[in-house]
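Undergrad: Please read through the structure below; I'll follow up with questions.
The values are calculated or read from the model by the stated rules, or taken from the named source; none is laboratory data. Just so it is clear, the structure is predicted and the values come from calculations on it, not from any experiment. Here the Cβ positions follow ideal geometry from the backbone for every residue, glycine too, while neighbour counts run over all protein chains shown.
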2 protein chains.
Amino acid sequence: MHLLRTVFWSTGSSRHALADRLEFSKSKANALTAGLIEQGLLEEIGLQQSSGGRRAEMLQLARSLGVVIGVDLGATSLDVAVMRPDLGILAHHTEDADVRAGPGVVLARVRELIRELLARCGVSPKKVIGIGMGVPGPVDFASAQLVNPPLMPEWDAFSIREYLGETFTAPVFVDNDVNLMALGELWRLQRSLQNFMVIKIGTGIGCGIVCHGEVYRGATGSAGDVGHICVDLAGPRCHCGNFGCVEAMAAAPAIVRMATEAAQAGESPALAQLLRANGKLTAMEVGQASRNGDAAANAIIQRSGSLIGQMLASVVNFFNPSHVFIGGGVTQIGPLLLASVRQSVYHRSLALSTRHLDIQYTPLGNQAGLVGAGALAMQESLRLHGVRE
Amino acid sequence: MHLLRTVFWSTGSSRHALADRLEFSKSKANALTAGLIEQGLLEEIGLQQSSGGRRAEMLQLARSLGVVIGVDLGATSLDVAVMRPDLGILAHHTEDADVRAGPGVVLARVRELIRELLARCGVSPKKVIGIGMGVPGPVDFASAQLVNPPLMPEWDAFSIREYLGETFTAPVFVDNDVNLMALGELWRLQRSLQNFMVIKIGTGIGCGIVCHGEVYRGATGSAGDVGHICVDLAGPRCHCGNFGCVEAMAAAPAIVRMATEAAQAGESPALAQLLRANGKLTAMEVGQASRNGDAAANAIIQRSGSLIGQMLASVVNFFNPSHVFIGGGVTQIGPLLLASVRQSVYHRSLALSTRHLDIQYTPLGNQAGLVGAGALAMQESLRLHGVRE
């Protein structure tokens, strides 16, 4: 199985690059891959552009193996995709969702969407290799259950695996959404970065950690729970019971609250007009107002970015990552948020931690979670099935 | 080399426990160890107490291999030891030191102490397998040099390896002091804990990180630099240029400063008397006053512990370790400091991160750095020499 996993983590590599990565001789790699091609587990996909000499065949997991399902559930959104073993997307659907409706309602919709998308591709449910799902809360990875999720208390200890297992025979794997964003980026990078972080800023603030080239989940699975790091001892009370948590002061609901106050105080005609028209504001509208030059909106986004940067500075001093990737809905606000985060981190962190630190939006954009869900399904299914090589 | 390293990391284990750990059959493990015993690399050390049945022989690295040297240099102290391959101490010397005297002065003393201790044991310098040294600043592990060390600027890019290499032929390995405390505890635990932190509180505050069962040094070697995490935006200016760093507000110099102010303000007759007698105070004296029931000393220690706990709460939310071990000179203050740290962390961290979190003083006490230096020397020498098995 080691070779199949290596092929999956090296999608688009030649036989020879694979042999190097596995520390096999070329002849051993050739013999092994020939066997796996014969068994229908691997296939060749044309010729790779080479820097000189003869061109090398690229290998990938055989499409005939089946498909994987990726599910990315956010606090307010749901993405489902059917993917090839190389995580190429065959069908994808995205819609608004509300996790507070409870697991019964939400998972019924997930099941329905999986069926619809499979039918759209003409793929039988029997051809599903694995299902990977990201959820916006702390997960016990072994049992695939949420543990005391603050945003979705009804999901506590609910068996997602059992629910989906009634309909699909494929194994079901569940992880925290931002862990899967980190896994998605790690897969896309073919593990070329060993130590980095992914921050998701949306309804809450969470962090996925890659350490020594693997997603790090912590001693009890709650690593990366940075939303409740204190950034102001005199700050407002958070739903967790503490004061001044970065999530309570800088995530989407805080941006909306600050913008509503600014509109009501007459500090922003643009936001006041939107508030009158719709009865409420969204973080996206604050971003739009900022891009249009609204001073109050700019100040709110800078404040949010600065607080997030303050939290990140602590974490970067501790973890010294090579990259921080920022994702989640709030990143659609635009470049001002990223600039404010960067300014705050570079100001507060030690020179040594930040001298080579790269802070940018997630390269996979809003697909990071979905790619990570597919990578989880494929990786864990390969581990589970243990096909003999 | 793999088996020798496994024996080193399993000091005191039986052949059969070793075979389990290596996932070898008993017969393969027996054959390999017999060969290594014949080559003089391993030796048997009597019989292990067994829970039943016949008793199994314990294996260890052969004493005839030679000795390792451990050097633990703190900002104000120097420890040097000669150790057996199983890190049993043959000779040990500790004395006050001042790293600000520069590498020439300090390393000449290190060299002299190594020679003296070897002579005391009757061991030739040629029998030194490796030298491991911890230093109180950020280290580039590959070059064994300090990089911009704030406490010891004269050491920047000084080649410790070259200096000691003029006298000793054994390879020299250098790491940050608190990374070596973490390595020492990891070795003592035989890697039974996979994810933990060691905090050193002395002149500065630093952190060693163990992640996935290995010491984690970060993308550029500065992981664990927690001393400059901000705990009070309105706090005093730190030598790093920022405000409210935990090191500036809670490490030994801050404790001494607060105690001196309390003595001068007439808040503590006990501290005032010590100040008059000696012209200055030490953190140890503040600890002694606290243990004698001095209210001002108690308040100072509680404040220091609370600020350190506040920094730790952020880091624990992010990293979710199973254990936090606290070491360094300031721990000699006594149980009140530990109690204050615990109270602050448990108050501020998410329930999920702290439900099973264990916070205690380093089990190896003030020997953690020295054991870590020996472990570094042995581990890296085994890796370097690549003796064929």
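Undergrad: Given the criterion of a type in the set (S, T, N, Q) and not assigned by TED's automatic domain parsing to the domain that holds B:GLY204, identify the matching residue among B:GLN379, B:GLN343.
TA: Going through B:GLN379, B:GLN343 in turn, just one is of a type in the set (S, T, N, Q) and not assigned by TED's automatic domain parsing to the domain that holds B:GLY204: B:GLN379.
Undergrad: If I go through the stretch B:195-214 residue by residue, how many of them are out of contact with any strand residue (DSSP E or B) (no Cβ under 7 Å at 6 or more places or on another chain) and within 10 Å of chain A (Cβ to nearest Cβ)?
TA: The total comes to 2.
Undergrad: Okay, next question. Would you say A:VAL68 is modelled with pLDDT of 95 or more and crowded, with 19+ Cβ neighbours inside 10 Å? Reasoning before the result, please.
TA: Numbers: modelled with pLDDT of 95 or more: yes; crowded, with 19+ Cβ neighbours inside 10 Å: yes.
It is true that A:VAL68 is modelled with pLDDT of 95 or more and crowded, with 19+ Cβ neighbours inside 10 Å.
Undergrad: Pairs, please: C-beta under 8 Å, at least 6 apart or cross-chain, first residue more than 8 Å from chain B (Cβ to nearest Cβ) and in the stretch A:225-237, second surrounded by fewer than 23 Cβ atoms within 10 Å (Cβ to Cβ) and in a loop (DSSP other than H, G, I, E, B)?
TA: A:VAL231/A:GLY244; A:ALA234/A:GLY244; A:GLY235/A:GLY244; A:PRO236/A:GLY244
Undergrad: Sticking with this structure for a sec: Can you tell me which residue is nearest to the chain's Cα centre (by Cα) among those in the stretch A:177-222 that are within 13 Å of A:PHE141 (Cβ to Cβ) and in a loop (DSSP other than H, G, I, E, B)?
TA: Step by step, filter the stretch A:177-222, then rank; the result is A:ARG217.
Undergrad: Scan the stretch A:43-59 and give yes if some residue there is part of a helix (DSSP H, G or I) and either out of contact with any Lys or Arg (no Cβ under 8 Å at 6 or more places or on another chain) or modelled with pLDDT of 85 or more (or both), otherwise no. It would help to see each step written out before you state the result.
TA: Going residue by residue through the stretch A:43-59, those that are part of a helix (DSSP H, G or I) are none.
Among the residues of the stretch A:43-59, not one is part of a helix (DSSP H, G or I) and either out of contact with any Lys or Arg (no Cβ under 8 Å at 6 or more places or on another chain) or modelled with pLDDT of 85 or more (or both), which makes the answer no.
Undergrad: Condition first: under 19 Å from B:GLN310 (Cβ atoms), touching a residue at least 12 places away in the same chain (Cβ under 8 Å) and within 14 Å of chain A (Cβ to nearest Cβ). Now tell me which residues in the stretch B:238-262 satisfy that.
TA: B:CYS240, B:ASN242, B:PHE243, B:GLY244, B:CYS245, B:VAL246, B:GLU247, B:ALA248, B:MET249
Undergrad: Condition (residue is within 14 Å of chain A (Cβ to nearest Cβ) and part of a helix (DSSP H, G or I)) applied to the stretch B:263-286: is it met by at least one residue?
TA: No, every residue in the stretch B:263-286 fails to be within 14 Å of chain A (Cβ to nearest Cβ) and part of a helix (DSSP H, G or I).
Undergrad: Tell me, please, whether a residue that is within 11 Å of chain B (Cβ to nearest Cβ) and part of a helix (DSSP H, G or I) can be found in the stretch A:318-337.
TA: Looking for residues that are within 11 Å of chain B (Cβ to nearest Cβ) and part of a helix (DSSP H, G or I), one finds at least one in the stretch A:318-337, hence yes.
Undergrad: For the stretch A:145-160, which positions are more than 14 Å from chain B (Cβ to nearest Cβ) and surrounded by fewer than 21 Cβ atoms within 10 Å (Cβ to Cβ)?
TA: Across the stretch A:145-160, the qualifying residues are A:GLU154, A:PHE158, A:SER159.
Undergrad: Mind listing whichever residues of the stretch B:1-24 are at pLDDT below 80 and outside any helix (DSSP H, G or I)?
TA: Hits for the stretch B:1-24 are B:MET1, B:THR11, B:GLY12, B:SER13, B:SER14, B:GLU23, B:PHE24.
Undergrad: Can you tell me which of A:SER304, A:SER314 is within 14 Å of chain B (Cβ to nearest Cβ) and buried (at least 19 other Cβ atoms within 10 Å of the Cβ)?
TA: Numbers: A:SER304 fails: within 14 Å of chain B (Cβ to nearest Cβ).
None of the others qualify; the one that does is A:SER314.
Undergrad: I would also like to ask the following. Which condition number in (1) surrounded by 20 or more Cβ atoms within 10 Å (Cβ to Cβ); (2) modelled with pLDDT of 95 or more is the one that B:TYR163 fails?
TA: The failed condition is (1).
Undergrad: Looking at the structure I just gave you, is A:VAL174 among the aliphatic types (A, V, I, L, M) and part of a strand (DSSP E or B)?
TA: The answer is yes for A:VAL174.
Undergrad: Follow-up question, since we're still on this one. Among the residues of the stretch A:347-386, which ones are within 12 Å of another protein chain (Cβ to nearest Cβ) and touching a strand residue (DSSP E or B) at 6+ places or on another chain (Cβ under 9 Å)?
TA: Once the filter is applied, which keeps residues that are within 12 Å of another protein chain (Cβ to nearest Cβ) and touching a strand residue (DSSP E or B) at 6+ places or on another chain (Cβ under 9 Å), the stretch A:347-386 yields A:ARG348, A:LEU357, A:ASP358.
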